[in-house]
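Comments concern the structure below.
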Amino acid sequence: MGGEAAWRLALRPGEADSRGTLFIGLGGRWRIDQGLPAPESLKDKLDASVHRIRFEAGELVEWDSGLLSFVAGICRACAERGIAVDDSELPLGAQHLLAMARAVPEHKLAARNAGPQGVFAQVGVATQDFLRGAPQMLGFLGEVTLSLLRLLAGRARFRARDLWLEIEEVGPRALPIVSVISFLVGLILAYLGADQLKLVGAQIFIADLVAIGMVREVGALMTGIIIAGRTGAAFAAQLGTMQVNEEIDAYKTLGISAIDFLVLPRMLALMLMVPLLTLYSGFIGMLAGLLVSVTIFDIGVFEYYTETLRALEFKQFAVGLSKGTVYGAMIAFAGCLRGMQCGRSAEAVGHAATSAVVTAILLITIAASIMTVVYYQLGI
Amino acid sequence: MDAVPHIEVRDLSMAYGDFIVQSGLDFVVNKGDIFIVMGGNGCGKTTLMRALVGLQRPAAGSVLYSGEDFWNATADEQQRLKRRLGILFQGGALWSSLTLAENVALPIAEYTGLPAARVDEIVAFKLALVGLAGCEDLYPAELSGGMKKRAGLARAMALDPEILVIDEPSSGLDPLTARRLDELIVELRDSLGTTIVVVTHELASILSIGNNSIYLDSESRRMIATGHPQDALKSGHPKVRHFLTRGGTA
Ligand SMILES: Nc1ncnc2c1ncn2[C@@H]1O[C@H](COP(=O)(O)OP(=O)(O)O)[C@@H](O)[C@H]1O
Ligand SMILES: [Mg+2]
């Protein structure tokens, strides 16, 4: 075995009686792990003077697909140029496999618009996608609304178990991360606020600042963003995988509304749990504020407590809870929308999850702005 | 044939937790065999395949490739043994974000270091062999079930493996395509000397291409027959004959 050269290729034009024939000698080992010659160099030799080629394999030692793909490539080039091919000297097995590869004609597919696109084309395509996306989003909004109405009318069908599973998944299991972030935000809020208030000797108002800030705005916002990343992405990935496995199609063909069955429990779970998490987040934020005030700014625990109670009116809770509910709905909407729109590949599932988070945060931002203005105008 | 069998399975048992799928499997696959694994749905054919190719550690027993015990080998040795195998999964298992051409090209590019143009040529040939010439740029989601199967086979044979393990190749194929696939399997064995382990229910394939087989029973959870499928049909265990005649004779 050793010392044997890898593949050898020898070309010999036919003489006298076989003018117009090109003899292609294949010798040595033609294996894919031995490297392969480029048929291009050989294709140049297939000019008008050649009418026929003949493979010679007398010195062939070993072969596999390396040889076959090389010969097949040359045969294709010959077919294009109308050159006859004689492969009768190749090993019998190789002849058979080559014949099998030729047996099924090439599939003719619609041409694809592959290849890199210019900047303008890309902008155009992105705009088109966006414009196509808007009605889809509205359509989905309509379907979800109808489904919620069916729920109110007691006609929506889904499994209660799904709802409980989702509630557990988005509620209790999110407590650790919500605690950590809320504590940090409460800490920062109290620290920054107290530092400024100290200048006018009004440190005690840290309590008001932290209480109102956390309960009314920041608790809901932080919870919303955490849940968008944690649960919105998960929803999109779950529904996206179901889309890949044709599970959603299976619901549809059974006449079961995938919206009722899959989207509704997720929507309800988030609309219930995000406001509760918002409350919890506010509470943790106030604890952090208390800690900072007592240890660093010398405010008494009782003082802080009474000031907090004074600051918190019912309307602050109402604002926080309503925002939490709306954010929850936005996250579920974005997660389920992107999941339902998912394509049929692993990559598409990843894209759905990413896009769910981005969409959710965008929707939260829009909703937060609108609600803040409206509440201000209403004097709440 | 050989002094050391190509693949030898000794007292193999496979289980999921407490559930024993099959136990006490003993058989030998020789070089150049077309070895058929038969048995009813859920008897453990896929599980056996996963144990053979190194995806799922068996509960007991050993799988030997040319005398080397796969499950007791070091990670490097296992990697080297795996290189000798080509696998077609029951569901095709194509990479969904790659085109067909990219699916087949990946193992070739990964292991041979050939330039892209050479790789493309091999890919075109492999796809033509399974009857998918011209489908290079399609994504798996754009294929029918049978096309996925055939593309999976093209990927399994990308590197001309010494041993090809195929899980239900002809399920989902039309009868003509299924026959072409049988011919291809036989041709691969005859010309490249590939050893082929086929999990299949297709009676026509079992009887026409197989030269050795085992039958896994789903009730006793053991193998109840081994040998040439034609012999099993003529004089085998009653259950096997029942299976091979679609319940015709008891
Ligand atoms: N991941 C798994 N966990 C538990 N049981 C499994 C798993 N996969 C398969 N089984 C069980 O093992 C048995 C054999 O499965 P399988 O090997 O897929 O059968 P088949 O012969 O149809 O290919 C079946 O009863 C199946 O229910
Ligand atoms: Mg199976």
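Find how many whole Å separate the alpha carbon centroid of the range A:287-363 from the alpha carbon centroid of the range B:88-163.
So the two Cα centres are separated by 47 Å.
Averaged over all directions, how much area does the convex hull of the C-alpha atoms of the protein assembly as shown cover when projected, in nm²? If you can, show how the numbers build up before the last one.
Working: hull surface 169.2 nm².
The Cα convex hull of the protein assembly as shown, projected and averaged over all directions, gives 42.3 nm².
Pulled fully out, how much extra length does the chain show between residue A:123 and residue A:380, if you take 0.36 nm times their separation in residues and subtract their Cα-Cα distance? Could you put the intermediate results ahead of the total?
Working: separation 257, 0.36 × 257 = 92.52 nm, distance 4.31 nm.
Full extension from residue A:123 to residue A:380 adds 88.2 nm.
Please give the residues from the range A:78-101 for which the solvent-accessible area of heavy atoms, probe 1.4 Å, is smaller by at least 10 Å² with all protein chains in place than with the chain isolated.
When all protein chains are present, A:93, A:96, A:97, A:100, A:101 each give up 10 Å² or more of accessible surface.
In the Gaussian network model of chain B, springs joining C-alpha atoms below 10 Å, which of B:142, B:183, B:162 carries the largest mean-square fluctuation?
Its mean-square fluctuation being the largest, the pick is B:142.
Take the eigenvalues of the Cα gyration tensor for chain B, scale each by 5, and report the square roots as semi-axes in whole Å, largest first.
On the way: eigenvalues 174, 96, 55 Å².
Over the Cα atoms of chain B, the semi-axes work out to 30, 22, 17 Å.
Mean Kyte-Doolittle of at least 1.6 and a Cα length of 30 Å or more along the axis: which whole DSSP H helices of chain A meet both? All intermediate terms of the calculation are to be shown ahead of the outcome.
On the way: long enough: A:119-152 (49 Å, 0.91); A:175-199 (36 Å, 1.72); A:264-296 (47 Å, 1.83); A:314-340 (39 Å, 0.81); A:346-378 (48 Å, 1.49).
Helices passing the filter in chain A: A:175-199, A:264-296.
Which percent, to the nearest 5, of DSSP beta bridges fully inside the range A:6-103 are antiparallel?
Values: 6 of 18 bridges.
So the antiparallel bridges in the range A:6-103 amount to around 35 percent.
Give me the one-decimal Kirkwood hydrodynamic radius in Å for the range B:89-160, with the sum taken over alpha-carbon pairs. All intermediate terms of the calculation are to be shown ahead of the outcome.
On the way: mean 1/r = 0.0851 Å⁻¹.
Computed over Cα pairs of the range B:89-160, the Kirkwood hydrodynamic radius comes out at 11.7 Å.
Using modelled amide H (1.01 Å from N, peptide plane; none on Pro or chain starts), what sits under 5 Å from the amide H of residue B:22, excluding residues fewer than 5 places away?
Hits under the 5 Å cutoff: B:14.
In square angstrom and rounded to 100, what buried accessible area do you get between chains A and B, total over both, with the probe at 1.4 Å? Can you show the working numbers first?
Details: alone 21110 and 11520 Å², together 29940 Å².
Counting both chains, the buried surface is close to 2700 Å².
Of the cross-linked pairs B:82/B:148; A:108/B:45; B:45/B:126; B:31/B:239, which ones have a Cα-Cα span greater than 31 Å in the structure shown?
Among B:82/B:148; A:108/B:45; B:45/B:126; B:31/B:239, the Cα-Cα distance tops 31 Å for A:108/B:45.
How high is the FRET efficiency from residue A:134 to residue A:256, r the C-beta distance, R0 30 Å, rounded to 0.05?
Working: r = 28 Å, r/R0 = 0.92.
Efficiency computed from Cβ-Cβ geometry: 0.60.
So what is the 222 nm mean residue ellipticity for chain A from helices alone, if each DSSP H run of at least 4 adds -39500 (n - 2.57) and you divide by all residues, rounding to the nearest 500 deg cm²/dmol?
-21500 deg cm²/dmol
Among DSSP bridges having both ends in the protein assembly as shown, what percentage is antiparallel? Round to the nearest 5.
Details: 23 of 53 bridges.
Within the protein assembly as shown, antiparallel bridges account for around 45 percent of the total.
Can you compute the modelled spin-label distance between residue A:314 and residue B:102, with each label point 7 Å from Cα toward Cβ, in nm?
About 6.0 nm, to one decimal.
In the protein assembly as shown, what percent of the accessible surface is made up of carbon and sulfur (1.4 Å probe, ligands and nucleic acids excluded)?
For the protein assembly as shown, the apolar C and S fraction of the accessible surface comes to 60 percent.
Set the Förster distance to 22 Å, then compute FRET efficiency between residue B:246 and residue B:19 from the Cβ-Cβ distance, nearest 0.05. Present the calculation step by step, with values, prior to reporting the outcome.
Values: r = 28 Å, r/R0 = 1.29.
After rounding to 0.05, the efficiency reads 0.20.
Where the centre of each part is set by its Cα atoms, how far does the range A:219-285 sit from the range B:216-249, in angstrom?
Taking the Cα centre of the range B:216-249 as reference, the centre of the range A:219-285 is 51 Å away.
Just the accessible area per residue of the range A:203-346, please: how many Å² with a 1.4 Å probe?
Details: 5530 Å² over 144 residues.
Heavy-atom SASA per residue in the range A:203-346 reads 38 Å².
Taking Cα atoms of the range A:223-281, Rg/Rh with Kirkwood Rh, to two decimals? Write down the numbers at each step before the final one.
Working: Rg = 13.7 Å, Rh = 12.6 Å.
Ratio value, two decimals: 1.09.
With a sphere of radius 9 Å drawn around the Cβ of residue B:128, what net charge do the other residues whose Cβ falls strictly inside it have (Lys, Arg +1; Asp, Glu -1)?
Working: positive: A:102, B:126; negative: A:106.
Residues close to residue B:128 contribute a combined charge of +1.
Any idea what the dipole of the range B:89-160 comes to, in debye rounded to 20, about its Cα centre with Lys/Arg Cβ at +1 and Asp/Glu Cβ at -1? Provide the component values of the computation, followed by the final result.
Working: 6 positive and 8 negative charges, 59 e Å.
Dipole of the range B:89-160, to the nearest 20 debye: 280 debye.
Using the charge dipole of the protein assembly as shown (Lys, Arg: +1 at Cβ; Asp, Glu: -1 at Cβ; taken about the Cα centre), state which of A:119, A:354, A:194 has its Cα farthest towards the positive end.
A:194
Springs between alpha-carbon pairs under 10 angstrom, Gaussian network model over chain B: which of B:206, B:196, B:122 fluctuates most?
B:122
I'd like the accessible area for residue A:304: 1.4 Å probe, protein heavy atoms, all chains in place, Å² to the nearest 10.
Looks like 10 Å² after rounding.
What residue among B:153, B:98, B:164 has the largest mean-square fluctuation in a Gaussian network model of chain B, using Cα springs under 10 Å?
B:98
With the contact rule set at Cα under 8 Å and sequence spacing of 6 or more, what percent relative contact order holds for the range B:89-160?
On the way: 88 pairs, mean separation 34.3, N = 72.
Relative CO of the range B:89-160 lands at 48 percent.
Among A:171, A:57, A:254, whose Cα projects farthest towards the positive end of the dipole of chain A, with charges put on the beta-carbon of Lys, Arg (+1) and Asp, Glu (-1)?
It is A:254, whose Cα lies furthest towards the positive end.
Which three semi-axes in whole Å describe the equivalent ellipsoid of the range A:6-103, each the square root of 5 times a Cα gyration tensor eigenvalue, listed largest first? The partial results should precede the final answer.
On the way: eigenvalues 84, 44, 34 Å².
One finds semi-axes of 21, 15, 13 Å for the range A:6-103.
Would you mind computing, in nm to one decimal, how far apart the modelled labels at residue A:43 and residue B:78 are, each placed 7 Å from Cα along Cα→Cβ?
4.4 nm
Taking just the alpha carbons, could you work out the radius of gyration and Dmax for the range B:17-152, both in angstroms?
17.4, 51
Where the Cα atoms of the range A:158-310 are projected onto their three principal axes, how long is each span, largest first, in whole Å?
Result, largest extent first: 69, 24, 20 Å.
List for the range A:47-77: residues with 50 Å² or greater reduction in accessible area, all protein chains versus chain alone, probe 1.4 Å?
Buried-area filter returns A:65, A:69.
So for the pair residue B:26, residue B:144, with labels modelled 7 Å out along Cα→Cβ, what separation do we get in nm?
4.6 nm
The values are calculated or read from the model by the stated rules, or taken from the named source; none is laboratory data. As the structure is a computational prediction, the values presented were derived from the model and not from experiment. Cβ sites come from the backbone with ideal geometry, for glycine too, and all protein chains shown count toward neighbours. Heads up: the accessible areas ignore ligands, DNA and RNA and are worked out on the full protein's heavy atoms, side chains in. Shrake-Rupley method; radii C 1.70, N 1.55, O 1.52, S 1.80 Å.
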